[in-house]
Amino acid sequence: MRTAGTYLLLALGAVATLAPFLLSVATAFKSPRQFASEPVLTPPDPPTLSNFAELFGERYDFVAPTAVTAQVVVVILVGQLVFSVFAAYAFARLSFPGRDALFWLYLATLMVPQVVTIIPLYAVFADLGIRNTFWALVLPYVFGSPYGIFLLREYFKGIPGDLLDAAKLDGAGTLRTIWHVVVPVSRPILATLAIITVVTHWNNFLWPLVITSGRQWQVLTVATSALQSQYNSNWTIVMAATTIAILPLMIVFLAFQRHVVRSITITGFR
């Protein structure tokens with residue numbers, strides 16, 4: 001009886017979580033006439049791709065925001081992985097004065113809300129003359145994050161010291177040890193960090209909204225928000241835009257889910 005109740009509770013939670021996404025996707029495949037004349041929960045009959053075709057047409061031009069978002073995410077992802085690996089290895093495996101104090105001080109910045117740093121960052125970027133540019137979108141995030149460095153540091157501390165010592169005996173320096181030993185054995189946690197980074201910055205809204213203006217460097221979240229405010233009566237177009245925003249994230253998760261589950265298993269047993 002208790003097991004049945006647990007499953008029922010989990011099923012209700014799953015329905016409550018997935019229902020908004022399913023409703024969004026179903027609405028994206030409806031015609032505006034069906035959406036206006038039938039109940040919201042009615043399935044698309046017949047399903048239509050006209051909303052997606054219109055979204056990428058001349059009127060809305062969603063190609064540019066999608067391309068800008070993809071470029072921003074790729075640059076930030078590469079930067080976060082590279083710099084987070086270097087920083088985490090230094091905090092986990094290298095000895096230098098004040099290492100632990102510096103790490104915990106850096107980690108403490110996780111407690112600072114993003115909105116607190118928005119105005120100072122905006123002032124700095126405006127003074128540098130790079131407001132409303134591609135680099136204004138990526139520079140605050142490309143050099144790693146406290147969470148990413150903490151995640152990798154904890155994983156790197158679990159790598160057997162004999163493995164690293166063997167690499168040193170073979171004449172490997174720090175960079176070769178990281179590239180040939182640490183990175184290969186850390187692929188699950190790197191995949192997890194990659195997914196977290198992609199999801200976080202694909203959905204980033206506040207900073208792109210503040211630092212950019214106009215359509216040239218408009219990212220997907222800001223473009224969808226503008227779509228909703230300008231065309232709030234056309235919900236089928238808005239839902240098509242949100243479906244486009246969700247789709248790449250689902251593909252990324254499905255591609256890397258095996259690594260994510262493996263990393264959770266490994267870290268859970270430590």
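The values are calculated or read from the model by the stated rules, or taken from the named source; none is laboratory data. It should be emphasised that the depicted structure is a prediction, and the values quoted were computed from it without experimental measurement. Please note: Cβ atoms are built from the backbone with ideal geometry, for glycine as well, and neighbour counts cover all protein chains shown. Areas reflect the complete protein model, heavy atoms only, side chains present, ligands, DNA and RNA absent. Shrake-Rupley method; radii C 1.70, N 1.55, O 1.52, S 1.80 Å.
Restricting the stretch 138-149 to residues that are aromatic (Phe, Trp, Tyr) and in contact (Cβ under 8 Å) with a residue 60 or more places away in the chain, the residue that is least open to solvent (accessible area, probe 1.4 Å) is Tyr141. Does Phe96 satisfy being aromatic (Phe, Trp, Tyr), surrounded by fewer than 19 Cβ atoms within 10 Å (Cβ to Cβ) and within 21 Å of the chain's Cα centre (by Cα)? Considered against the rule, which asks whether it is aromatic (Phe, Trp, Tyr), surrounded by fewer than 19 Cβ atoms within 10 Å (Cβ to Cβ) and within 21 Å of the chain's Cα centre (by Cα), Phe96 comes out as no. Only a single criterion out of (1) more than 30 Å from Gln34 (Cβ to Cβ); (2) open to solvent by 50 Å² or more (accessible area, probe 1.4 Å); (3) among the aliphatic types (A, V, I, L, M) is not satisfied by Ala87, namely (2). Counted as qualifying within the stretch 120-203 are the helices (runs of 4 or more DSSP H) with 3 or more residues that are under 20 Å from Arg258 (Cβ atoms), namely 146-156, 187-202. Each residue in the stretch 84-101 was checked for being within 23 Å of Leu190 (Cβ to Cβ) and in a helix (DSSP H, G or I), and 11 pass. For Leu107, the criteria (1) assigned to a loop (DSSP other than H, G, I, E, B); (2) open to solvent by less than 40 Å² (accessible area, probe 1.4 Å) hold in every case but one, which is (1).
Looking at Ala70, is it surrounded by 19 or more Cβ atoms within 10 Å (Cβ to Cβ) and of a type in the set (Gly, Ala, Ser)?
no
For the stretch 47-56, does any single residue satisfy the condition of being of a type in the set (Phe, Trp, Tyr) and surrounded by fewer than 17 Cβ atoms within 10 Å (Cβ to Cβ)? Yes, because at least one residue in the stretch 47-56 is of a type in the set (Phe, Trp, Tyr) and surrounded by fewer than 17 Cβ atoms within 10 Å (Cβ to Cβ). Contact map, the stretch 119-137: residues that are over 17 Å from Thr69 (Cα atoms) paired with residues that are charged (D, E, K, R), Cβ distance under 8 Å, separation 6+ or inter-chain. Pairs shown: Tyr122/Arg131; Phe125/Arg131.
Of the helices (runs of 4 or more DSSP H) lying entirely inside the stretch 1-74, the ones with 1 or more residues being of a type outside the set (D, E, K, R) and in contact with a Leu (Cβ under 8 Å, 6 or more places away or on another chain) are found at 2-28.
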